[in-house]
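The structure appears below as structure tokens.
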Amino acid sequence: MLHDTLTTFRYQMRLLLREPIWIAIALFQPLLYLALFAPLLKPLVEAQAAQGAQGGFPTGDAWQIFVPGLLIQLGIFGSMFVGFSLIAEIRSGVIERMRVTPASRLGLLLGRVMRDTVVLLLQASLLTGVAVIFGLRVPVTGALITIVIVGLLGVSLSALSYAAGMWLKSEDALAPLLNMVSVPVLLLSGILLPMTLAPKWLRTLSAANPFRHVVDAARVAFLGNTGDEALLWGLLSAVLLAVGGVVVANRVFQRESA
Amino acid sequence: MIAVDQLRRTFQSKTGPVEAVRGVSFAVAAGEIVGFLGPNGAGKTTTQRMLSTLLTPTGGNATVAGCDLRKDPVGVRRKIGYVPQGGSTNPLASIVEELRTQAALHRVPRADAEARIDELLLSLDLQGLGARLTQTLSGSQRRRLDIALGLIHRPKLIFLDEPSTGLDPHSRANLWNHIRHLRDHDGATIVLTTHYLDEADALSDRILIMDHGQIVAEGSPQQLKRRISGDVVTFDVKDHQDAAKAVLGALAGVRDLSIVDSTVRAVVDQGSVDALPLMRALDAAGIPVAAMKVTQPSLDDVFLTLTGRSLRDSDTAASSAAAAPGAN
Ligand SMILES: Nc1ncnc2c1ncn2[C@@H]1O[C@H](COP(=O)(O)OP(=O)(O)O)[C@@H](O)[C@H]1O
Ligand SMILES: [Mg+2]
């Protein structure tokens, strides 16, 4: 299984590195996020902070609040669409060719997930590094924990995206599914708008969203509150999401390809 | 090498169930080249995909290379090579990357793999192209790479789905030699599918003729042709096929009448003697004959006799059958 995972990882990584435009986008994306979001939201945070913490985002420097959100968002959007590449591979016959070998189906899946996660971790580190240059102050352990959380999120979503691709086998079916899923997940996670502003029913719904806990944990970690209970819940949610995603995807990959 | 018992596969489609393979049984001995011949949609690919573990049969059983298809699919995968019909390469991967990856997935040791890759590139006329991305290859080169990928681990049992589709005549001849070489020198067993009569005839030790998900005949090319004892007489009668068929059908000694395009075909005992009376009968009935031909039975005549359709115009036959499901 490990052998097949590494073989697949190497193969997929080479294919990726062959597309210079893709590399440029992958590096540019985090920087774009930073450049666009931070100046926009800074005044809002300051206004919130002036009112006290009761109604809005947790207190802290604008960077400390938004960089974790951006990291999570990167994790979600960087991984969610990998299923499209799998559909292209199904269409070209590559997947079928690999499935008639004795290679483990889990290995064929994990090799791909591993590539996506490595790319995501590099992007997340880049984003954090550049934010530090811009003026973010974050404890090293906090930043590392957040990047680990983002990586786990990436594992989960990339595995699920592959599962959806393998299941639907058509771009036309995958696109609406991803659109349908992404918006509520994003809103309820509190990345874009603070959930404390939401009515009670929405807050309850949000609390049931594991992504929400992940976002909270990332924010807590960035503030350096490594003893906070939210951190534990967030990490636990991220681990469960990753394991759950791989388990579901593995089941789909074990099935016949009909 | 292969024993198949009542294998079947039904697909669920929006328009209802499609019985792609309706209970086929056959055996393949070690060292044989067996050709599945049949029109598009006959179920050849579905049969191969079941035997190579890519599709689960909806009925029946099979033993492939000593392993039970249902109980030990991984054992089957270890022993077989499979070259799919529609290509199997990534546009952005190079030839050697594809071959190395496939070798690694088959657990071929690194050093062996490199030697094997050189050998395959040479024998499939791809030498010097190892670093090329597959998207820059010609269709024929890419097809030969597909075949190399299926052979990388020296399988003893090889499935080839429409191997020569997309090949130029020169590569096609080379491929046929290569396939014979696999049998003669490597002791490999080969199961191939084709809708080309000449390919089935030239390459197969044994042919299984498939139509509508069933095997309708089986035997060596010679045996199959001998099933039609006698000669085939073909009259080109333009638009008078039905009238001509009626006239010829009333004559003694005329068998297996069929219409293909503007011609009517009949099987008779001895073409050189029996053709002329048929010609005269058509003349007497006032049916103009534009041309007449006496030939030895071909595989196409065998197929025609068995199914009432010609393999030569099988593509139109298959599409009209698809348009009117249930029609026979
Ligand atoms: N995945 C599938 N879903 C639905 N129908 C299928 C599928 N694969 C094949 N078929 C149908 O099964 C029949 C046999 O197809 P196939 O095995 O590809 O024939 P051949 O290889 O002889 O041309 C055809 O009618 C085809 O449309
Ligand atoms: Mg086919």
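Computed over the Cα atoms of the range B:137-285, the ratio of the radius of gyration to the Kirkwood radius (Rg/Rh) comes to 1.13.
Considering helices alone, the calculated mean residue ellipticity of chain B at 222 nm is -11500 deg cm²/dmol, with DSSP H runs of length four and up weighted by -39500 (n - 2.57) and normalised per residue. Considering all different alpha carbon pairs of the range B:49-108, the Kirkwood hydrodynamic radius works out to 13.1 Å. The Rg/Rh ratio of the range A:154-258, with both radii computed over alpha carbons and Rh defined as the Kirkwood radius, is 1.05.
Label reach from B:R78 (point 7 Å along Cα→C-beta): in the range B:123-162, amide nitrogens under 18 Å belong to B:152-158. Under 1.5 on a/c is rounded, so check that first for chain A, then, if it is not, pick prolate when a/b is larger than b/c and oblate when it is not; a ≥ b ≥ c are the square roots of the alpha carbon gyration tensor eigenvalues. In terms of gyration-tensor shape, prolate.
Relative to 2.2 N^0.38 Å, what does the C-alpha radius of gyration of the protein assembly as shown come to as a ratio? Two decimals please. That ratio works out to 1.29. Residues considered: B:L167, B:L149, B:L192. Largest GNM mean-square fluctuation over chain B, using C-alpha springs under 10 Å, is found at B:L167. Per residue of B:82-91, other chain Cβ atoms within 10 Å of the residue Cβ number 5 on average.
Principal-axis analysis of the Cα atoms of chain B puts helix B:314-323 at an angle of about 90° to the longest axis. Beyond 25 Å, what share of the Cα-Cα pairs of the range B:45-172 remains, rounded to the nearest whole percent? Cα-Cα pairs in the range B:45-172 separated by more than 25 Å: 27 percent.
Shielding of peptide B:44-57 by partners, expressed as the average count of other chain Cβ atoms within 10 Å per residue Cβ, is 2. If you line up the long axis of helix A:140-168 against the longest principal axis of chain A, both from Cα atoms, how many degrees apart are they, to the nearest 10? Taking Cα atoms only, the helix is inclined about 40 degrees. The residues neighbouring B:T45, those whose beta-carbon lies less than 10 Å from its own, together hold a net charge of 0 under the Lys/Arg +1, Asp/Glu -1 convention. Of the residues A:N209, A:N179, A:N225, the one that moves most in a GNM of chain A with alpha-carbon contacts below 10 Å is A:N179.
Relative contact order for chain B: 19 percent, from Cα pairs under 8 Å spaced at least 6 residues apart, divided by residue count.
Between B:E199, B:E97, B:E162, the residue with the greatest mean-square fluctuation in the GNM of chain B (Cα pairs under 10 Å linked by springs) is B:E97.
Extension gain for B:S138 to B:D236 (0.36 nm times residue separation, less C-alpha to C-alpha distance): 31.3 nm. Rg and Dmax of chain B, based on Cα coordinates, read 22.7, 77 Å.
Simple point charges give the picture: +1 on the Cβ of Lys and Arg, -1 on the Cβ of Asp and Glu, and for the range B:83-158 a dipole about the Cα centre of about 180 debye.
Each value in this text was obtained by applying a stated rule to the coordinates, not by laboratory testing. Please read all numbers here as calculations on a predicted model, not as lab measurements. FYI the Cβ positions are ideal-geometry reconstructions off the backbone, even for glycines, and counts take in every protein chain you see.
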